[in-house]
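Participant: The following block contains the structure, expressed as structure tokens.
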Amino acid sequence: MVSVLVKCPHCGKSLMNSGHKLDNAASIEVNLTYAGKHAPLYLSSLYGSYKAETDLNMPVGKVAGFRCPSCKADLKSTRKCDACGSQMIAFELKAGGQVQICSRRGCKKHVLEFQDADSELQAFYKSYLKALK
């Protein structure tokens, strides 16, 4: 599996947390909001893994808010989830492009987009090959 490195699309600060590992890799850290409560959310940075950890009790099927821990900006995308209709959450890829995940707990829909498809896809592929070694 390939580890994606992401940053906030608003302030450009890294969302990677090497101190909190999931799947033996640095996690993606965001602030989760649900039912008026807030807590850190750690997501696996391995593309294709759905592992996540938070202290906030949120039932499957509910929609949460996601904010950058640095600038506190809402990470909501303009895109709606093709699977369930909820708002997508956007992260910028450090290598260029974007990864989006669904804001509904339990929905596995995600989107990987590259702005410069040739060079960014090639970099992603090289990262994948490196992970296999």
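Every number here is computed from the coordinates shown, using simple stated rules; none is lab data. No experiment lies behind these values; they were computed from the predicted model shown. Ideal geometry is used to build each Cβ from the backbone, glycine not excepted, and the neighbour counts take in all protein chains shown.
Participant: Past 22 Å, Cα to Cα, is the threshold; run Lys62/Lys94; Lys21/Lys80; Lys51/Lys76; Lys21/Lys76; Lys13/Lys76; Lys7/Lys37 against it and keep the listed order.
Facilitator: Beyond 22 Å between Cα atoms: Lys62/Lys94; Lys21/Lys80; Lys21/Lys76; Lys7/Lys37.
Participant: Enumerate by residue number the trypsin sites (Lys or Arg not before Pro) in the range 1-32 meeting two conditions: DSSP loop (anything except H, G, I, E, B), and at most 16 other Cβ atoms within 10 Å of the site's Cβ.
Facilitator: Sites meeting the loop and neighbour criteria: Lys13.
Participant: Over the range 6-132, how many percent of alpha carbon pairs lie in each 10 Å bin up to the one with the longest distance?
Facilitator: 13, 44, 36, 7, 0
Participant: Which chymotrypsin sites (Phe, Trp or Tyr not before Pro) in the range 1-79 pass both tests, a DSSP loop state and at most 14 other beta-carbon atoms within 10 Å?
Facilitator: Sparse-neighbourhood loop chymotrypsin sites (Phe, Trp or Tyr not before Pro): Tyr50.
Participant: So, one more: Taking the Cα centre of each part, how many Å lie between the range 2-16 and the range 77-91?
Facilitator: Result: 18 Å between the Cα centres.
Participant: A further question on this structure: Please compute the length gained on full extension between Val60 and Val111, using 0.36 nm multiplied by the number of residues separating them and subtracting their Cα-Cα distance.
Facilitator: 16.3 nm
Participant: Give the shape of the range 1-41 as rounded, prolate or oblate, defined through the alpha-carbon gyration tensor: a ≥ b ≥ c are the square roots of its eigenvalues, a/c under 1.5 means rounded, and otherwise the shape is prolate if a/b is larger than b/c and oblate if not.
Facilitator: oblate
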